[in-house]
């Protein structure tokens, strides 16, 4: 038991020593002032400590993030994580720094080798103990550099941390290439690895890639162009990706043959789509899109996202337009109620032309009127075209005075009430007042006397206008009516009796009207 008790302190000491050694694997490879770096003294990146003094900035270059910094009694002003480094703002005249990490251990009380001044920028290379800081230098300037197939930058790469073990270094610049294998060991200190590059033009082919819709072209994670791209690629197989806003990416795999022009048509990105289905009432409407192409919206259709306009047409119904906004992956259901065309309008203005026959009278009748809430007020004028039979006139002494013929003109005003029937038909019962007058023509040139020229008669009319609407804004009509004379001049009565016509009797008009 005594022997075992003596061994425990020794074992504990070995464990503590091992842990201490592990913790001290994190070291500072170098620390220096960046005399040409004004980051700590420029508006936007400079910071002040709690005493209002301008801080110093230490750019900590390390292959990891997540470090915790302790400046002791003077403290730390701020810490900002940047790509590949950490910006550590500290008060002036700080002398010591402790750095810790949950994985890489602790660097305790590191003493700065140079004074830390306000507004100055410094660089610390922090070695976490798993590798070395190295310089990778391609032989051709501005070459792209890859470490273990990962792109790390262009041109010479300084302070590139490489873990212990084997690595592949590669450089590319057009048709110039270079690659080397290296093994990093603990004995290496700030090594410089040169990559010798040679021209490999014989293994390259020209590639001309195009895609519809001005889509972006990506190759090996890099954006190559928009709509088209021309460049050189090494022989082999490649997969290009095309991208566009509101679209799913598309990929195209192609092969490059060296020393040849390789034309590649890339698949365009697939637009994001949604779905639309529209029910029409009544059914059977003809639906067209903004390009006047037929679309069957009664079945679910797939459409690109965005706003779409459609026209709906059906015989006997008012054409209409509807607009829908389609969203990605969504299905939109809707109903369109179409309105019957009101062929018989309750309110309208109209004018027309008719042929009228009343007894022996026949003529052409222009007319005009208006309908307001189905109340119809109409005015017409009939130009008499039919001539009476020849009348021989004698004076009181029975002396012949001439041969004459007559025509009858009519001015009429009618009021009616329009009653719409099924579909395109209507009937308008009418009451009216007609004023008739005669025009006389002398057939004997030797006699200038005109008897009853301008003689007048008035009549009341009752009738019904029957209307058919073949197309919108056009009425075809026929109007039978009965007239009863209420007043007539002696001359009108004498001529009417002699010529066998009068202001009373049955008549009919038929014609066309345009309405608005």
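The values are calculated or read from the model by the stated rules, or taken from the named source; none is laboratory data. Source: prediction; values computed, not measured. All Cβ positions, even for glycine, are placed from backbone atoms using ideal geometry, and neighbour counts span all protein chains on display.
State yes or no: is residue 474 touching a residue at least 40 places away in the same chain (Cβ under 8 Å) and loosely packed, with under 14 Cβ neighbours inside 10 Å? Spelling it out, it is not the case that residue 474 is touching a residue at least 40 places away in the same chain (Cβ under 8 Å) and loosely packed, with under 14 Cβ neighbours inside 10 Å.
Residue by residue, here is whether (1) at pLDDT 95 or above; (2) outside any strand (DSSP E or B); (3) surrounded by fewer than 14 Cβ atoms within 10 Å (Cβ to Cβ) holds:
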position: 284; (1), (2), (3): no, yes, yes
position: 292; (1), (2), (3): no, yes, yes
position: 298; (1), (2), (3): no, yes, no
position: 344; (1), (2), (3): no, yes, no
position: 352; (1), (2), (3): yes, no, no
position: 357; (1), (2), (3): no, no, no
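Right, residue 114: more than 47 Å from the chain's Cα centre (by Cα) and over 18 Å from residue 196 (Cβ atoms) or not? So residue 114 fits the description; yes. Flag set for residue 57, criterion: in contact with a helix residue (DSSP H, G or I) (Cβ under 8 Å, 6 or more places away or on another chain), crowded, with 18+ Cβ neighbours inside 10 Å and in a strand (DSSP E or B).
For (1) assigned to a strand (DSSP E or B); (2) assigned by TED's automatic domain parsing to the domain that holds residue 505; (3) without any contact (Cβ under 8 Å) to a residue 12 or more places away in the chain, each residue gets a yes or a no:
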| site | (1), (2), (3) |
| --- | --- |
| 329 | no, no, no |
| 371 | yes, yes, no |
| 377 | yes, yes, no |
| 382 | yes, yes, no |
| 388 | no, yes, no |
| 402 | yes, yes, no |
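Restricting to segment 133-148, name every residue that is surrounded by fewer than 21 Cβ atoms within 10 Å (Cβ to Cβ) and not in a loop (DSSP other than H, G, I, E, B). Once the filter is applied, which keeps residues that are surrounded by fewer than 21 Cβ atoms within 10 Å (Cβ to Cβ) and not in a loop (DSSP other than H, G, I, E, B), segment 133-148 yields 135, 137, 144, 146, 147.
Restricting attention to segment 180-197 and to residues that are part of a strand (DSSP E or B) and in contact (Cβ under 8 Å) with a residue 40 or more places away in the chain, the residue that is surrounded by the most Cβ atoms within 10 Å (Cβ to Cβ) turns out to be 195. On the basis of being surrounded by 20 or more Cβ atoms within 10 Å (Cβ to Cβ) and either modelled with pLDDT of 95 or more or more than 26 Å from residue 184 (Cβ to Cβ) (or both), does residue 48 make the cut? In short, no.
Looking across segment 210-248, just one residue is touching a helix residue (DSSP H, G or I) at 6+ places or on another chain (Cβ under 7 Å), closer than 23 Å to residue 173 by Cβ and in a strand (DSSP E or B), and that is 234. Test residue 66 against the stated conditions and say whether it is part of a loop (DSSP other than H, G, I, E, B) and touching a residue at least 12 places away in the same chain (Cβ under 8 Å). So residue 66 passes the test.
Residues in segment 249-281 that are assigned to a loop (DSSP other than H, G, I, E, B) and within 27 Å of the chain's Cα centre (by Cα): 249, 266, 267, 268, 269, 272.
Of all residue pairs spaced 6 or more apart or on separate chains, those with beta-carbon atoms under 6 Å, a first member in segment 156-179 that is free of Cβ contacts under 8 Å to residues at least 24 places away in the same chain and a second member that is surrounded by 14 or more Cβ atoms within 10 Å (Cβ to Cβ) and part of a strand (DSSP E or B) are 156/137; 157/136; 157/145; 158/135; 167/182; 179/170. Of the residues screened, residue 151 is not one that is more than 48 Å from the chain's Cα centre (by Cα) and part of a strand (DSSP E or B).
Of all the criteria given as (1) over 30 Å from residue 332 (Cα atoms); (2) surrounded by 15 or more Cβ atoms within 10 Å (Cβ to Cβ); (3) modelled with pLDDT under 95, the one not satisfied by residue 207 is (3).
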